[in-house]
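Presented below is the structure to which this report refers.
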Amino acid sequence: MAMKSYPPEFKADAVALYLSDPARTYASVARDLGINRETLRLWVKEARVNGTAGAKKAAPAKRPMAGPLSSDDVLEEENKQLKARIRELELERDILRRAAKYFAGETNW
């Protein structure tokens, strides 16, 4: 069986998708993208060695509980969290769209 060749953008997107959510596994991301789990693991390992994987997002800093929070502060914090989640979901959607486009062009019907 011949080895498949993937473009660097696809590899970088796959690594970013895996690193974007610590709860995701190699197997789940690889299954979503239609690639082998070991292939993804090697790409992530290579990206970490080369320093191209990017730093994992740090957990959001929690405010010290010095006093009561106003409802505006609570809404503002929730809004920031929701916007961050939207950005993450849009990134995942774009990566999956590119993967689907790549694999659709690869078929020889």
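I need a count of the residues in region 27-45 that are free of Cβ contacts under 8 Å to residues at least 40 places away in the same chain and of a type in the set (Asp, Glu). Result for region 27-45: 1. Take residue 101 and tell me if it is outside any helix (DSSP H, G or I) and at pLDDT below 90. In short, no.
Here residue 84 meets each of (1) small (Gly, Ala, Ser); (2) modelled with pLDDT of 90 or more; (3) touching a Phe, Trp or Tyr at 6+ places or on another chain (Cβ under 9 Å) with one exception, condition (3).
When the test is whether a residue is touching a helix residue (DSSP H, G or I) at 6+ places or on another chain (Cβ under 8 Å) and at pLDDT 90 or above, residue 79 does not pass it. Those helices (runs of 4 or more DSSP H) of region 1-67 in which 1 or more residues are at pLDDT 90 or above and over 23 Å from residue 93 (Cβ atoms) occupy 37-50.
The values are calculated or read from the model by the stated rules, or taken from the named source; none is laboratory data. Computed from a prediction, not measured in an experiment: that's the story for all the values here. No Cβ is skipped: glycine too gets one built from the backbone with ideal geometry, and neighbour counts run over all protein chains shown.
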